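Here is the structure we will look at.
The values are calculated or read from the model by the stated rules, or taken from the named source; none is laboratory data. What you are looking at is a predicted structure, and each value in this text was computed from that prediction instead of being measured. In this analysis, Cβ positions are derived from the backbone assuming ideal geometry, glycine residues included, and neighbour counts consider all displayed protein chains. What goes into the accessible areas is simple: the full protein's heavy atoms, side chains included, and nothing from ligands, DNA or RNA. Shrake-Rupley method; radii C 1.70, N 1.55, O 1.52, S 1.80 Å.
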Amino acid sequence: MAEISPTAKRIAENAAEVRRRIAAAAARAGRSGEAVKLVAVTKYFGSEVARQVVEAGCNVLGENRPQELERKAADLADLPVEWHLIGSLQKNKVRKVLASASLIHSVDDWPLLAAIQSASAALGKTAAVLLEVNCSGDATKHGFSPEGLEQAWEAWPAHPNVRVRGLMTMAALDGGPEVARANFAALRNLRDRLAARTRPDVELRELSMGMSGDYEIAVEEGATIVRVGTALYEGAVAMSH
Ligand SMILES: *Cc1c(COP(=O)(O)O)cnc(C)c1O
């Protein structure tokens, strides 16, 4: 491999540290860190930085805006990258997102799920999604309410071109670590209750939870996917937010 840039080198060091912390948190919970997937969030920067993130050894990238995902996926088409959409999706963008994203973390209502079904049927493929749950009760957050999801579980129609692979949540923004832990535990408990009510189109294996500030707590509480941005860029690229 060609020599990597100082920026990519620093991102690689940061990613290694994140992975070490994931492994330690997983060990505390009696799990293996290898069972936890790191989604490197590239939304703060353009395609050039995203390319360095891949050079740094991260090949699962997350974007929160469909248009940005599409643009970066095109710019990095020469690289072996798996793209995840982690932010909200409007029905009219579904088709385009399905062309480049391998997992949509942010299905937050039934009409969106139905739109994903029709778009993926039209494309002759099967879409993989997570259902976003608002575990914090924060009114500014998207997602199903836990109660709403439990009430509707048997009632929503089967979607032959969609596989629901798990649940996703974001912890309350300013609640601190104990509130985050309670939010993550709530998602895990909800997953356990729903998984006991088997549906043929659902396989609730993934729990996407944890960001730079709280991913260790999330892994202790059972996360199988963490979405980390900020922590990867420390000392590597100046952040503007
Ligand atoms: C931005 C974002 C992240 C990453 O947040 P950091 O604090 O930068 O790690 C994770 N998940 C979602 C849904 C996001 O929008």
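Based on DSSP H runs of at least 4 residues, each adding -39500 (n - 2.57), what is the mean residue ellipticity at 222 nm of the chain after dividing by all its residues, to the nearest 500 deg cm²/dmol?
Numbers: 9 runs with 100 residues, N = 241.
After summing the helix terms and dividing by residue count, I get -12500 deg cm²/dmol.
Look at the alpha carbon pairs under 8 Å that are at least 6 residues apart: their mean separation over the length of region 1-116 gives a relative contact order of 20 percent. Residues considered: His84, His159, His105. Largest GNM mean-square fluctuation over the chain, using C-alpha springs under 10 Å, is found at His159. When you filter the trypsin sites (Lys or Arg not before Pro) in region 53-151 for DSSP loop state and at most 16 other Cβ atoms inside 10 Å of their Cβ, you are left with Lys125.
Using only C-alpha positions, report the orientation-averaged shadow area of the convex hull of region 105-217, nm², one decimal. Each step should come with its number before you reach the end.
Working: hull surface 28.1 nm².
It is 7.0 nm².
Viscosity 1.306 mPa s, temperature 10 °C: what is the translational diffusion coefficient of region 169-215 from Stokes-Einstein with a Kirkwood Rh over Cα pairs, rounded to a whole number of µm²/s? Value of D from the Cα-based Kirkwood radius: 137 µm²/s.
Within the listed set Ser145, Ser32, Ser47, the Gaussian network model of the chain (springs between alpha-carbon atoms below 10 Å) gives the highest mean-square fluctuation for Ser32.
In this structure region 72-173 gives 43 Å² per residue of accessible area when probed at 1.4 Å with all protein chains present.
Calculate what fraction, in whole %, of the accessible area of the chain sits on carbon and sulfur atoms when a 1.4 Å probe is rolled over the protein chains. Don't jump to the answer; show the numbers that get you there.
Working: 5670 of 11140 Å².
Reported share for carbon and sulfur atoms: 51 percent.
When only Cα pairs below 8 angstrom with a gap of at least 6 residues are kept, the chain shows a relative contact order of 21 percent. In the calculated pair-distance distribution of region 11-60, the portion above 17 angstrom amounts to 39 percent of the Cα-Cα pairs. Under Stokes-Einstein, with the Kirkwood radius over Cα pairs as Rh, the value for region 121-168 at 4 °C and 1.567 mPa s is 106 µm²/s. Histogrammed with a bin width of 5 Å, the alpha carbon distances of region 1-149 distribute as 2, 9, 16, 17, 17, 17, 12, 8, 2, 0, 0 percent, first bin at zero. The amide H of Ser106, built 1.01 Å from its N in the peptide plane, has Leu130 as neighbours under 5 Å, considering only residues 5 or more places off or on other chains. Put simply, when 194-207, 5-18 are sorted by average Cβ atoms within 10 angstrom per residue, most first, you get 5-18, 194-207. Summing Cβ point charges (Lys, Arg +1; Asp, Glu -1) relative to the Cα centre of the chain gives a dipole of roughly 420 debye.
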